[in-house]
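What follows draws every value from the coordinates through simple rules; no lab data is involved. Predicted model only: the values in this text are computed from it and were never measured. Don't worry about glycine lacking a Cβ; one is built from the backbone with ideal geometry, like all the others, and counts go over all protein chains shown.
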Amino acid sequence: MYGRDEHGTFSLVACDRERGYWGVVVATKPMSVGAVVPWAEWRRGAIATQAQSNYAYGPRGLELLRRGFGAEEVVRRLTRADPEREHRQLGVVDARGRSAAWTGSKCLRWAGHVTGEGYTCQGNILRDETVVPAMAAAFERARGSLPRRLYAGLVAGAEAGGDRRGMESSAMLVVHREPWFDRAWSDRWVDLRVDQHPQPVAEIGRILKRDEAATRRFLAARRVARPPRSTRRARALGRRSPTPADPPREDGLGSVRSDG
């Protein structure tokens, strides 16, 4: 995964531009994959840096995305400046959903990548060449939220063989912001990690299910605490005349009024 040890990894980087989500999911043999591979920033893009990972690809790649460079240019600039690029693997999806990837010629087999509209899949030290295409096909078929689609791709990769030495670590990072979010809040909508587990892909799926349930409860409570925007606006502006849904009533003086 990082350093000069032989660490294999398979990952999927993707976005849902319509709903405003960007994310990465990954699994591997060594522990702490979530500390190195996945990077993402809301409305900027997402990155996976792996094989003999260059950790700097994460923060530097996000900075290039903030400056408006597209996925292909980000990959080109990061790898061009790296004398060890042939040992690296990199996947990028930018703010517009454009994808690009790099697999260095010295990444250990099987190694390769597949890019598509709004996503890129990549892996190294995999069981065989079927793993990455299986991930891409599963992601394209999947429906629902971006975290669910990312997880579908990860499951497909694992079922196709994944890391040929086995898997003990997995992670998922998805970024998103709602219009009403406090400015102090993080954009990390989903941030899950599993380490030294006999079934890390199944385990991160279990945790994702619990996380989604907690998010639904939070959003439901928020909707109760914050009335719909139309209601808030009406309260702020005050209604000048009664409406059928809010009939007038007589006060103690016999006049007719409508509550503001």
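Worth a mention:
- Farthest positive-ward along the range 9-220 dipole, Cα basis, beta-carbon charges - from Met31, Val93, Leu126: Val93
- Dipole magnitude of the range 9-220 about its Cα centre (Cβ charges: Lys, Arg +1; Asp, Glu -1), debye to nearest 20: 240 debye
- Karplus-derived 3J(HN,Hα) values for the range 160-168, using 6.51 cos²θ - 1.76 cosθ + 1.60 with θ = phi - 60°, are 7, x, x, 4, 5, 9, x, 9, 9 Hz; glycine and proline are entered as x.
- Converting phi to 3J(HN,Hα) with the Karplus coefficients 6.51, -1.76 and 1.60 and the offset θ = phi - 60°, the range 131-145 yields 5, 5, x, 5, 4, 4, 5, 5, 5, 5, 6, 5, 10, x, 5 Hz in sequence order, with x at every glycine or proline.
- Computed lengthening from Arg109 to Arg217, 0.36 nm per intervening residue step minus Cα-Cα distance: 34.5 nm
- Counting neighbouring Cβ atoms within 10 Å and putting the fewest first, the residues Phe10, Phe181 line up as Phe181, Phe10.
- For the range 40-146, the direction-averaged projected area of the alpha-carbon convex hull comes to 6.5 nm².
- Burial ordering of Ile207, Ile125, fewest other beta-carbon atoms within 10 Å first: Ile207, Ile125
- Loop sites in the range 29-114: trypsin sites (Lys or Arg not before Pro), DSSP, at most 14 other Cβ within 10 Å: Arg67, Arg96, Lys106, Arg109
- Charge sum, other residues only, whose C-beta stays under 13 Å from Arg67's C-beta, Lys/Arg counted +1 and Asp/Glu -1: 0
- Each of Ser169, Gly157, Ala71 was placed along the dipole of the range 9-220 (beta-carbon charges, centred on the mean Cα), and the one lying farthest toward the positive end is Ala71.
- With the convex hull of its Cα atoms as the shape, the range 9-220 has an orientation-averaged projected area of 10.8 nm².
- The range 163-215 versus the range 59-75: alpha-carbon centroid distance in Å: 24 Å
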